[in-house]
Amino acid sequence: MPSTGRDFERWIYDRMLADPGLATRVRDAVGYSVQTDFWFTPSSTTLALLPTADSWLAPRWISLFGAEENDRELAAVLWQWHCRWGAHLVASWVTMLQFVIDHTPVAGDEAWTAAGQILGLATST
């Protein structure tokens, strides 16, 4: 058996990926999260025009709740996501960020790495 909580989570993730039926059920259960139809819609908004065309630089001017002290690390992760998956930040709601992407992370190590980056930066999730 895995020896740490993180190892145990990875063990569960690997078991889920190895079972096609279970992987399909999980993918169907969270499929809404990759469609803009289900995005958060606020009652009011404020538009911020940042002095850059590169959305991965946005943490210089905006913050993410739980990651306020990690703006450089957040920018580095957003740059990696931009390079790997064509991720573009399109909305920031203080407690969440919304992106459009050119292609999704592949299930397995690539998706596990992205999830680990999210947990490492926004520890309140």
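The values are calculated or read from the model by the stated rules, or taken from the named source; none is laboratory data. Keep in mind that what you see is a predicted model, and the values were worked out from it rather than measured. Methodologically, a virtual Cβ is constructed for each residue, glycine included, from the backbone with ideal geometry; neighbour enumeration extends over all protein chains shown.
Here are the numbers for the structure shown:
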| quantity | calculated |
| --- | --- |
| Answer residue from segment 49-77, given it is in contact with an Asp or Glu (Cβ under 9 Å, 6 or more places away or on another chain) and crowded, with 20+ Cβ neighbours inside 10 Å and is modelled with the lowest pLDDT among those | 67 |
| Residue count, segment 102-120 (criterion: crowded, with 16+ Cβ neighbours inside 10 Å and either of a type in the set (Asp, Glu) or part of a loop (DSSP other than H, G, I, E, B) (or both)) | 1 |
| Condition broken by residue 99, with the remaining ones in (1) surrounded by 15 or more Cβ atoms within 10 Å (Cβ to Cβ); (2) not in a strand (DSSP E or B) satisfied | (2) |
| Cβ pairs under 8 Å, 6+ apart, first in segment 2-18 and under 15 Å from residue 110 (Cβ atoms), second surrounded by 12 or more Cβ atoms within 10 Å (Cβ to Cβ) and of a type in the set (Phe, Trp, Tyr) | 10/112; 13/112 |
| Unique match (being in the same structural domain as residue 104 (by TED's automatic domain parsing), within 20 Å of residue 114 (Cβ to Cβ) and under 18 Å from the mean Cα position of the chain (by Cα)) among 29, 58 | 58 |
